[in-house]
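Heads up, the thing below is written out as structure tokens.
The values are calculated or read from the model by the stated rules, or taken from the named source; none is laboratory data. Please read these numbers as outputs of a predicted model, since none were measured by experiment. Cβ sites come from the backbone with ideal geometry, for glycine too, and all protein chains shown count toward neighbours.
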Amino acid sequence: MKPPIETVRLTNSARDKLIQLKRITGMEHWNSLCRWGFCLAISAGLQPTGKEASSDRCNVEMSWSTFAGEWSEVLAGITLMGWKSIQDRAPGMTIADYFNAMLDLGVAMLHKNVTQADQANIESLVTLGIGES
């Protein structure tokens, strides 16, 4: 399946949140945190309205294959299904816009959940990922 986007570019806001998340969790790679955020937004049922599209992209970027890793086909399929499901509410939104909005929403959600945990660390990230409270 063709990736929904060739190059993943972060917003300045997402970059700043990821810098904090890397420091808090000790995770070294942006792509892992971005994948967690994207999947978190999808699993939470977040739905962009089309107003999230941002030209505030920073110089942090990665290829789709770096972002998705071995999950490229799965994440591309999830992105396509999610994008198709919102077409009636956001008809002008491209699949790239949808992906970028979900990534930004997911990183923000991940940041909020991890930084508001009693002990903000890698364990709070894992707990969030497996759904325990």
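Against the definition (closer than 20 Å to GLU6 by Cβ, assigned to a helix (DSSP H, G or I) and modelled with pLDDT of 85 or more), how does LEU80 come out, yes or no? In short, yes.
For every residue, the table says whether it meets (1) modelled with pLDDT of 90 or more; (2) touching a Ser or Thr at 6+ places or on another chain (Cβ under 8 Å).
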| residue | (1), (2) |
| --- | --- |
| THR11 | yes, yes |
| TRP36 | yes, no |
| LEU46 | no, no |
| ASP56 | no, yes |
| MET62 | yes, yes |
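In the range 1-26, the residues that are within 21 Å of LEU75 (Cα to Cα) form Cβ pairs under 6 Å with partners that are part of a helix (DSSP H, G or I) and hydroxyl-bearing (Ser, Thr, Tyr), at six or more places apart or across chains, as follows: PRO4/THR79. Look at LEU103 and say whether it is under 16 Å from SER13 (Cα atoms), in contact with a Phe, Trp or Tyr (Cβ under 6 Å, 6 or more places away or on another chain) and assigned to a helix (DSSP H, G or I). Criteria met by LEU103. Just a yes or no: is a residue in the range 73-94 polar (S, T, N, Q) and in contact with a Ser or Thr (Cβ under 8 Å, 6 or more places away or on another chain)? Scanning the range 73-94 turns up no residue that is polar (S, T, N, Q) and in contact with a Ser or Thr (Cβ under 8 Å, 6 or more places away or on another chain).
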